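These notes concern the structure reproduced below.
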Amino acid sequence: MSQAVISQQPAAAVSWIDVEKIRKDFPILKETIYGKPLVYLDNAATTQKPQVVIDGVTAVYSKENSNIHRGVHLLSQRATESYERARVRVQVFLNAAQSQEIVFLRGVTEAINLVASTYGKKHVQAGDEVIISAMEHHSNIVPWQMLCKEKEAKLRVIPIDDRGELLLEEYEKLLNSRTRIVAVAHVSNALGTVNPVREIIGLAHKRGIPVLIDGAQAGPHCKVDVQELGCDFYAVSGHKLYGPTGVGILFGKLEFLEALPPYQGGGDMIKSVTFEETIYNDPPYKFEAGTPNVAGGIGLGIAVEYVSQIGLSEINRYESELLSYATKKIREVPSVRIIGTARQKASVLSFVLGDIHAHDVGTILDQEGIAVRTGHHCAQPVMERFGIPATVRASLAMYNTKSEIDTFVEALHKVREILK
């Protein structure tokens, strides 16, 4: 797998994908906001859903709604087949060795909590260390803080430079005999930085340390091959990948999943139960207690199939072109300071506009029909590192266009005129 890179270098004006055709697949893009065409630039928070996913979820509830795995009647069998077919689709999407390595959960947050609560509680003891980075989302900070507090362990943080790039030499210094796990983002949600995860994994594995990769922001933008990466755990969010909310996946190498204790107790994660003893199910079901989000899982399977048919390489190249264009245009706006200028970036533009508060910028942009994210983006340590309370974040997707970027930049000029 080539490293996920969406460069800021000038790109040729090439249409890597049929954007207008893709836009027709997303009904919400036809909406107007305050009488103006919607320009949706909040894709790092959640992506919009293509009609095929919407139809697929509707079909579950209208044609085969039933609980899965337990029923012998036809509807249950149909729902079970569709759900397990979705698991195989995700397996293929990530190139996992087998479908048993794909655990369906509510999202990346739950996936990280699962690993912290199972692997972490089993292997981390007093005086041990857990390594994360300075650019992590709160979902990849708080679970490890909780674990370290409970176990009297130490949380170590890989620093970042002024570009928003990890200092790999400092990371290597942090690795030692007390390091029990490394957990880092593939792509920063606040900066757009694409981390050198292959090198991060390799350095840890030289010492026999397992690695979890938070792939929430990587899945929609680049091809992820977990076997080639060699990571031990990889988490993906469904709703950031053009799928439903409330569903995501954890890839775990089978030897890890087999050795870990269950995350929660209940139905379907067992083989047999008596008052004296419970025999747990095999992975992945050991970690899927209770009735799952059946429609969500099926919808996620449809979403990854949709994205795969377009092609992750083509999406990556198109978004590279779009990011280069957007970066050039936004730099022409007076007083703009881009936060996160890594040499390898995904399609995120995080910035401040002079001394205008990010929330004020976002409010005026909303009146122009433009949806962006403002605030600390659940990455408060990143904001502290750059000495700012918040940024405006425009995050791009495969259905965004240069025309929308032009509209966005024109609106930023208007913000300056109103609030100067």
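The values are calculated or read from the model by the stated rules, or taken from the named source; none is laboratory data. These figures come from a predicted structure and were not determined experimentally. FYI the Cβ positions are ideal-geometry reconstructions off the backbone, even for glycines, and counts take in every protein chain you see.
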Helices (runs of 4 or more DSSP H) wholly in the range 268-373 with at least 1 residues that are within 23 Å of CYS222 (Cβ to Cβ) and among the polar types (S, T, N, Q) - which ones?
-> 294-310, 312-330
Where LYS345 falls short, out of the listed (1) farther than 27 Å from ILE17 by Cα; (2) within 19 Å of the chain's Cα centre (by Cα) | (1)
Can you spot a residue in the range 215-230 that is under 10 Å from the mean Cα position of the chain (by Cα), modelled with pLDDT of 95 or more, surrounded by 23 or more Cβ atoms within 10 Å (Cβ to Cβ) and of a type in the set (Val, Ile, Thr)?
-> no
If you go through the range 182-189 one residue at a time, do you hit one that is on the phi > 0 side of the Ramachandran plot, small (Gly, Ala, Ser) and assigned to a loop (DSSP other than H, G, I, E, B)?
-> no
Checklist (1) crowded, with 24+ Cβ neighbours inside 10 Å; (2) closer than 18 Å to SER139 by Cα applied to VAL211, failing item | (1)
Given the conditions (1) over 19 Å from the mean Cα position of the chain (by Cα); (2) closer than 27 Å to ASN95 by Cα, which single one is not true for ASP355?
-> (2)
